[in-house]
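Note sheet for the following structure.
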Amino acid sequence: MADGKSVTAQKKEDRWIPSACSMCYSCCSIMAHVVDGRLVKIEGNPDSTVGEGRLCAKGVAGIMMLYDPHRVNVPLKRTNPEKGIGVDPKWVEISWEEAYESIAPRLKKVLEDNPRKLFMQGTTTANAEMHWGIDTFSQAFGTDTIWVAGGGLHCGSGAHELNGLMHASWSLVPDFKLCNYALYFGASKGHSAGHVANQNAQLASDARARGMKLVVVDPMCNFASGKATEWVPIRVGTDAALALSMANLLVNELGTYDKVYLKKYTNAPYLIQPDGHYKRDEASAKPMVWDERDARAKTFDDPSISEYAIEGAFEVDGIPCQPAFQLLKQHLKQFTPEWASELTTIPQRTIRRLAQEWATNARIGSTIVIDGHELPYRPVAAVYFRGSQGHRNSTWNCLSIELLNQLVGAADVPGGALGFNPVCHGYPGTGSLAYTPTACPDGLMITGAWRVPHKPYPAPKASRPQTGVFKELFPWAMLSPFLGSSDQDEWCRKFDVNVRPEVMINFGANAIMSVGNKDIVAEALKKLDFIVSVDIFLNEMTDFADVVLPDSCYLERYSATPNYPFIFNHPAGMGDWGWAVRQPVVKPEGQRGDWVQFLYELGGRIGIREPLNIAYNVYFKLEEPYKLRPDVRYEHVDVIDRVLKNNFGEEHGLDWFRKRGVIRWPKKAEEVYWRTFLPVRVPVYFEMFLSTGEEVAGIAREFGTDLDLWAYTALPDWHPCASHQVKEPQYEFWGFYYRDVLHSNSLTMENPWLDEAAEMNPYSYRITMNAGTGKRKGFKDGDEVWVESNTGRRVKGKLKLSEGIHPEGLGFAALCGHWSKNQPIARGKGVFYNDLLEIDYAHMDPGNLNMDLCVKLKVYKAYK
């Protein structure tokens, strides 16, 4: 044993490999400990700005996903033509070549017939692979028939749309290091999963420790509420009523609003005609304002304006006009604390106190010096997310809350409500990655970067629907529930639509569970001629597939952009920019492939390699010498190398990132607190919605139908959810679900480590009911009950009684209730709340098509 060969043979491979997590869409940077080709541990990467060495339970448990014995390892083909819930597909193993031979001809036929008949479905839990795959492939193919299953319909069209419109960003957080008063509406930023979860947890903790007051408005006291200074229980879905009442108090009783900000950075001065539209200059068509000092109307951008009027009444060209803010101020008077208290169940004195605290802490007129710049200091932030926007009144819930920030000028300034990185001046070495908001001809802001091709503003003009998606008729919607709705056929007949999706390519989404009621979704899936599902597990969704392809997981593949665009999961506030890569830490087992490479190969086989290469060039802004040639077939790692060198220079290609993992450079105050530096405005009067409503009404009239257009008004308003219309006394509870910090969508339910933690948590797999209400109803902790909706849908579960929930609420954690025999850990655990959800127009926001997620319920014991 003393010879050299024997000693060498005893040495082990022992490496730490930098990569990026994908157990949720935060995509924190990680270090993977690999010994002899086996992953033994995952930790956070302290060198990265995304995570800064922190990692949550999901990230640590990624090793259990990698080595799950139930992974799909070979391509599978269906032999049973019947499809349905619980129907065995009778899979047979095939080769990758046989899979391509099954898929390519069907896709080629759709391409030649009508590309929009291809339905692309992705998942929010693999963000980087989504834009490498779905965004580029769909662009090259020519389809916009896309969704990310429930991930985009339950969360996105409200909060993301409005953050894009108002903050040029995907989401919103307090400026944790400087904010003194944060008001959360159905949000848990810094206290749960989600965007920048690990860093925000530290930032939120530090902010609370230094004295930031955190007030959480939510039906349930869980993650953010449990750590808050104050929890304000609210009736489900009534967030707008509270926010509008507070706004009324601010402007009409307390007189607390930032006139300087409103005049310079919003459309508050724009003159409004009696028809609700801007008074426009006849020569330039620009919106007009009133110059108080010169006592005449001018275009909004006239350099001679000395003092904008935001109140009063004026006549311009013989037309009576009022500034937008004057109309808003008058409109808000109807939203009294008495009115809001009755709707929300929040006492009037609490509403008045919250408004007074907001006004006092806003410190209008104060300034602070950062990096040599004197900037407005507004240390208050109103933050909203999935809880407040998951309703039929999604748009106005979010806008009403956002109005609180805008009225006091606390948007993207020190201490205020910050969008996630709306401005980046780029990597200093190359200038690449730079983006910034710009102004449209009306002066309103257009985002510099966005997560999906259709930016939130300006929206396209409404037009006649061409497919069963109906996005043309709803131009403010990012995604459409009509792809899986119960009334799609009715709407197709109503608007004479004959084009329906025929072929689906699914990447990792479990739509049969994540969208809503499983029977409705199952019927929609059965209408499709052919489904290809690329996944790491067989599950409820793959039961409807014709071909299943074995995907690699995030620990087995490359991605050059796990944290791009920066508006998605990069930390806000001062600090550093950072870029990490994802790389394989072990080799894929079996015949597992890579979803992005599969699409690229498929594109070549159906004749769209040239547009696919062009799509890569456009999407990743590739310049010479790194542009892809249209006629060349590239390996995935070669494209990644080009993207990295294009962004960071020849010396920072894939080989450099394989070793180093991350690159970082400092942010500037002009990037973080950009609002003061850019000549763009945001609306407090939404004339664009009014215009869309008129377009939609005209199209509906062409087809002899009427649509309820309450969402298309110019001023924020209160509108009830469908559940608020239910008056039968036996349905006395409002059901809602919330994101469990232990899990990501339905993906992690199969993970044994996370399941074990969830089993120990008394809330994860149970239905939470108010303890006092439960006692009154004769329920005990652990009782098995049926929960039934007013439409007759029901689910079974066990009760957890708690003081930390609104007396009228029923809280359901996460997306549980798997039934697939291929998910033995997840099977039968928890409650499948989504089975209570209706999927139809009556349960969508008619402005942005966000699904309504609250349900009116009755509860009774499940006797054995």
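The values are calculated or read from the model by the stated rules, or taken from the named source; none is laboratory data. Note that the coordinates shown come from a computational prediction; the quantities given were computed from them, not determined experimentally. In this analysis, Cβ positions are derived from the backbone assuming ideal geometry, glycine residues included, and neighbour counts consider all displayed protein chains. Surface accessibility is based on the protein's heavy atoms, side chains included, excluding ligands, DNA and RNA. Shrake-Rupley method; radii C 1.70, N 1.55, O 1.52, S 1.80 Å.
Beyond 22 Å in Cα-Cα separation lie the following of the pairs LYS775/LYS861; LYS259/LYS298; LYS177/LYS259: LYS177/LYS259. Each part reduced to its alpha carbon centroid, region 564-589 and region 164-183 end up 21 Å apart.
How large is the translational diffusion coefficient of region 389-546 in µm² per second when you combine the Kirkwood radius over alpha carbon pairs with Stokes-Einstein at 25 °C and 0.890 mPa s?
Numbers: Rh = 19.3 Å.
Approximately 127 µm²/s, per Stokes-Einstein.
Heavy-atom accessible area for THR145, with the other protein chains in place and a 1.4 Å probe, reaches approximately 0 Å².
Let me check something: with ligands and nucleic acids excluded, how do GLU687, GLU311 order by accessible area (1.4 Å probe), largest to smallest?
Values: GLU687 15, GLU311 55 Å².
The ordering from most to least exposed comes out as GLU311, GLU687.
Give the distance, in whole Å, between the Cα centre of region 222-273 and the Cα centre of region 59-101. Here the two parts' Cα centres lie 50 Å apart.
Subtracting the Cα-Cα distance from 0.36 nm times the residue separation, let me have the gained length for SER95 to GLU43 in nm, one decimal. Write down the numbers at each step before the final one.
Details: separation 52, 0.36 × 52 = 18.72 nm, distance 3.59 nm.
This chain segment gains 15.1 nm when fully extended.
Share of carbon and sulfur in the accessible area of region 369-477 stands at 55%, probe radius 1.4 Å.
Let me check I've understood the local charge: for GLU338, count other residues with C-beta under 12 angstrom from its C-beta, Lys and Arg +1, Asp and Glu -1. What total comes out? My count for the surroundings of GLU338 gives +1.
Of the listed pairs LYS227/LYS333; LYS227/LYS798; LYS117/LYS856; LYS213/LYS518; LYS471/LYS829; LYS77/LYS527, which have alpha-carbon separations greater than 30 Å here? The answer is LYS227/LYS333; LYS117/LYS856; LYS213/LYS518; LYS471/LYS829.
Full extension of the chain between ASP529 and LYS494 gives 10.3 nm of extra length, using 0.36 nm per residue less the Cα-Cα distance.
Per-residue 3J(HN,Hα) values for region 564-577, derived from phi via the Karplus relation 6.51 cos²θ - 1.76 cosθ + 1.60 with θ = phi - 60°, read 10, x, 5, 6, 9, 9, 9, x, 7, x, 5, x, 10, 7 Hz in sequence order (x marks Gly and Pro). Among the trypsin sites (Lys or Arg not before Pro) found in region 671-755, those both in a DSSP coil and sparsely packed, with 13 or fewer other Cβ atoms within 10 Å of their Cβ, are LYS727.
What's the carbon and sulfur percent of region 272-329's accessible surface, probe 1.4 angstrom, rounded to a whole number?
On the way: 1310 of 2810 Å².
Accessible surface attributable to carbon and sulfur in region 272-329 totals 47 percent.
Here HIS425 sits with roughly 80 square angstrom of accessible surface, probe radius 1.4 Å.
Computed as a quarter of the hull surface, the mean projected area of the alpha carbon convex hull for region 667-797 stands at 16.0 nm².
Figure note: ARG827, ARG582 ranked by solvent-accessible area, largest first, 1.4 Å probe, ligands and nucleic acids not counted: ARG827, ARG582.
Where does the chain land at 222 nm, in deg cm²/dmol rounded to the nearest 500, when only DSSP H runs of n ≥ 4 count, each adding -39500 (n - 2.57), divided by all residues? Mind dumping the intermediate values first?
Working: 29 runs with 244 residues, N = 864.
Mean residue ellipticity at 222 nm (helix-derived): -7500 deg cm²/dmol.
Tell me, what is the FRET efficiency for CYS440 and LYS775 to the nearest 0.05, using R0 = 45 angstrom and their Cβ-Cβ distance as r? Calculated transfer efficiency: 0.20. From largest to smallest, the equivalent ellipsoid semi-axes obtained for region 705-779 from the alpha-carbon gyration tensor read 35, 23, 11 Å. For region 174-182, 3J(HN,Hα) computed residue by residue from phi via the Karplus equation (6.51, -1.76, 1.60; θ = phi - 60°) reads x, 6, 3, 6, 10, 6, 10, 8, 10 Hz, glycine and proline entered as x.
Computed from the alpha carbon positions, the gyration tensor of the chain leads to an equivalent ellipsoid with semi-axes of 41, 32, 29 Å, biggest first. ASP717 exposes around 40 Å² of accessible area when a 1.4 Å probe is run over every protein chain in place.
The angle between the Cα long axis of helix 348-362 and the main principal axis of the chain comes to about 90°, on a 0 to 90 degree scale.
Annotation: region 519-635 has a Kirkwood hydrodynamic radius of 17.3 angstrom, from the mean reciprocal C-alpha pair distance. Once the C-beta distance of ARG353 and HIS373 is scaled by a Förster radius of 22 Å, the resulting FRET efficiency is 0.05 to the nearest 0.05. Taking trypsin sites (Lys or Arg not before Pro) across region 181-263, none is in a DSSP loop with at most 11 further Cβ atoms lying within 10 angstrom of its Cβ.
Averaging the Cα positions of each part gives two centres, and for region 393-461 and region 315-350 these lie 25 Å apart. Rounded to the nearest 10 degrees, the inclination of helix 595-605 to the longest alpha-carbon principal axis of the chain is 80 degrees.
Using the C-alpha atoms of region 730-864, what convex hull volume per residue, in cubic angstrom, is computed?
On the way: hull volume 17.3 nm³, N = 135.
Convex hull of Cα atoms, per residue: 128 Å³.
Within the chain, DSSP assigns beta bridges of which about 60% are antiparallel (rounded to the nearest 5).
Count Lys and Arg as plus one, Asp and Glu as minus one, and take only other residues whose Cβ is under 12 Å from that of MET541; the net charge is then -1. In order along region 656-665, the phi-based Karplus estimate (6.51 cos²θ - 1.76 cosθ + 1.60, θ = phi - 60°) of 3J(HN,Hα) comes to 5, 6, 4, 7, 8, x, 9, 9, 8, 8 Hz; Gly and Pro are listed as x.
Between ALA842 and TRP786, the distance separating the two model label sites (each 7 Å from Cα on the Cα→Cβ line) works out to 2.1 nm. Axis angle, to the nearest 10 degrees, between helix 687-702 and the longest C-alpha principal axis of the chain: 70 degrees. Amide H contacts of ALA20: ILE30, GLN583, each under 5 Å away and 5 or more positions distant or on a separate chain (H built 1.01 Å from N in the peptide plane; Pro and chain starts excluded). Extending 7 Å from the Cα toward the beta-carbon at both ARG293 and THR705 defines two label points whose distance is 5.5 nm. The equivalent ellipsoid of region 1-151 has semi-axes of 39, 24, 16 Å, largest first, where each one is the square root of 5 times an eigenvalue of the Cα gyration tensor.
Each peptide among 559-567, 571-579, 20-28, 288-296 gets the average number of other Cβ atoms lying within 10 Å of its residues, and from highest to lowest they stand as 20-28, 559-567, 571-579, 288-296. Measuring nothing but protein heavy atoms, the accessible surface of region 571-635 at 1.4 Å probe radius is 50 percent carbon and sulfur.
How much accessible area per residue does the chain have, in Å², with a 1.4 Å probe? Walk me through the intermediate numbers first.
Working: 29820 Å² over 864 residues.
That works out to 35 Å² per residue.
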